[in-house]
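All remarks here apply to the structure that follows.
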Amino acid sequence: MTDRLAKQAYIDAGWLEHENKTLFANAWTFVGTVHDFRQAGDYRTATCGNAPVCVVRDKQGALKALHNVCRHRGAELLDGANGNCGGTITCPYHRWSYAHDGTLRGVPNKAECFPGLDRSDLGLFPASIGVFKDLVFANPDANADFDLWIEPLRGREWPHDLSAADIGEATPLTYDLKCNWKVFIENALDGYHLAYLHENTLGGPLPGLNEWQPAGQHMVWHATENGVRHRLSKKLRDEAGDVGIVKSASRPGYGGVYYLFPATLIVPTPYGISVSALQPTAARRCRMTVRHWVGPWQSKDERTYVPGYDSSTGIISSDNWKVHPLQTGDFQTEDIWICEKVQRGLESPAYVHGPLSAGAGAEDAIAWFHSALRRHVT
């Protein structure tokens, strides 16, 4: 247990600030898909630790990743999760404007206010961008190596094709979780709880039927033998077979859960694929955005029946649960319930680390996760 993260890693604001500086400042964060950027000026934003970044499609059709911070007084430039900025990125404070590649284009009243200003030195700072199977990632470090990060997944990737004509995106879901981001990641890597916490939803598999395989900085999960029992009707299974989201489900190495270090989870199934991106918002809190793509038979707004959804805010939270999580029939709600319970337990003065299972695909991936984090934050 000497390699386990300290208890303070889950509850201390100073630890999170250290993670922001040493981990997320050079981490690949899921931003969107190439299909989110259809026209020049289309953008999406993300926050990587303390760094607001944006990805913009320029007039030549290329995607550019930039720090979303004005070089004049530091105002955040582009608002919201996504939009279109038109021909230039314009600061709302003093209307300094930048080309899509970050070049400073315009400074109002330049002659009177900034005589002799050299605009060539004041372009937006670049970030790094990478694309894998239509998924777009950004990194605040302009020199980050995306190929090095993603290469271990090549040849083992999921067979889903987001460009297929019969694929649609369901309404994205946003969760406010009352737990440290690592608690949720550890739960996702935990093969021990699937048959117990999720007895009435996933129903397994038992620990001996879990297999986690490292892939560089990432991990790929497989359910062996019978695998997880998906509680879907025969009608939905039959329809899913005609959708075409999975082009070759028999591809060698195709996994059931992909963990992309440090905070992205990808879950492909025969019925669709989801991408969950976690963002720490405080030492004891995080936000999770889930985007999922399915066939037309399931492309609908799930928010109206996801437990805990607040239509006035668009946020899903345990504050709004009407029934006990174990009565919802929703395994995501079960996971949130247990993660928030774990967070409260971690904050108890009575808590000390217990043993982790060292085999059977149960909790060995958590020990691997702690080792991976230590290499970045110590």
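So, ARG154, is that one more than 28 Å from the chain's Cα centre (by Cα) and either at pLDDT 95 or above or not β-branched (Val, Ile, Thr) (or both) or not? Here the answer is no, as ARG154 does not meet what is asked.
In this structure, does TRP321 turn out to be at pLDDT 95 or above, hydrophobic (A, V, I, L, M, F, W, C) and in the same structural domain as LYS178 (by TED's automatic domain parsing)? I'd like the intermediate steps shown before the answer.
Values: at pLDDT 95 or above: yes; hydrophobic (A, V, I, L, M, F, W, C): yes; in the same structural domain as LYS178 (by TED's automatic domain parsing): yes.
Yes, satisfied.
For region 279-289, state whether one or more residues are touching a strand residue (DSSP E or B) at 6+ places or on another chain (Cβ under 9 Å), more than 29 Å from VAL34 (Cβ to Cβ), in the same structural domain as ASP190 (by TED's automatic domain parsing) and in a loop (DSSP other than H, G, I, E, B). There is no residue in region 279-289 that is touching a strand residue (DSSP E or B) at 6+ places or on another chain (Cβ under 9 Å), more than 29 Å from VAL34 (Cβ to Cβ), in the same structural domain as ASP190 (by TED's automatic domain parsing) and in a loop (DSSP other than H, G, I, E, B). Within region 31-48, identify whether any single residue is surrounded by fewer than 15 Cβ atoms within 10 Å (Cβ to Cβ), within 25 Å of the chain's Cα centre (by Cα) and not in a helix (DSSP H, G or I), and answer yes or no. Checked region 31-48: at least one residue is surrounded by fewer than 15 Cβ atoms within 10 Å (Cβ to Cβ), within 25 Å of the chain's Cα centre (by Cα) and not in a helix (DSSP H, G or I). Here region 157-171 is the region considered, the condition is being among the acidic types (Asp, Glu) and part of a loop (DSSP other than H, G, I, E, B), and the residue that is farthest from the chain's Cα centre (by Cα) is ASP166.
Please go through region 334-360 and give me each residue that is assigned to a loop (DSSP other than H, G, I, E, B) and either within 23 Å of the chain's Cα centre (by Cα) or not small (Gly, Ala, Ser) (or both), ordered by number. Of everything in region 334-360, those that are assigned to a loop (DSSP other than H, G, I, E, B) and either within 23 Å of the chain's Cα centre (by Cα) or not small (Gly, Ala, Ser) (or both) turn out to be GLU347, PRO349, TYR351, VAL352, HIS353, PRO355, LEU356.
Mind listing whichever residues of region 310-333 are assigned to a helix (DSSP H, G or I) and of a type in the set (Ser, Thr, Tyr)?
SER318, THR333
Residues that are at pLDDT 95 or above, within 16 Å of the chain's Cα centre (by Cα) and not hydrophobic (A, V, I, L, M, F, W, C) do not occur anywhere in region 59-76.
Looking at region 179-193, which of its residues are in a loop (DSSP other than H, G, I, E, B) and either of a type in the set (Phe, Trp, Tyr) or modelled with pLDDT under 95 (or both)? Once the filter is applied, which keeps residues that are in a loop (DSSP other than H, G, I, E, B) and either of a type in the set (Phe, Trp, Tyr) or modelled with pLDDT under 95 (or both), region 179-193 yields ASP190, GLY191, TYR192, HIS193.
Among the residues making up region 1-15, those that are hydrophobic (A, V, I, L, M, F, W, C) and either within 19 Å of ASN187 (Cα to Cα) or at pLDDT below 95 (or both) are MET1, LEU5, ALA6, ALA9, ILE11.
Quick grid of which residues meet (1) within 30 Å of GLY106 (Cβ to Cβ); (2) among the hydroxyl-bearing types (Ser, Thr, Tyr); (3) touching a Gly at 6+ places or on another chain (Cβ under 7 Å):
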position	(1), (2), (3)
ASP121	yes, no, no
ALA127	yes, no, no
ALA138	yes, no, no
ALA170	no, no, no
LEU194	no, no, yes
GLU211	no, no, yes
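Scanning region 1-30 for residues that are in a helix (DSSP H, G or I) and within 16 Å of the chain's Cα centre (by Cα) gives ASN20, PHE24, ALA25, ASN26. Taking the criterion of being without any contact (Cβ under 8 Å) to a residue 24 or more places away in the chain and either exposed (fewer than 14 other Cβ atoms within 10 Å of the Cβ) or within 12 Å of THR45 (Cα to Cα) (or both), the residues of region 80-94 that qualify are PRO92, TYR93.
The values are calculated or read from the model by the stated rules, or taken from the named source; none is laboratory data. Note that this is a predicted model, so its numbers are computed, not measured. Glycine gets a Cβ as well: all are built from the backbone with ideal geometry, and neighbour counts include every protein chain shown.
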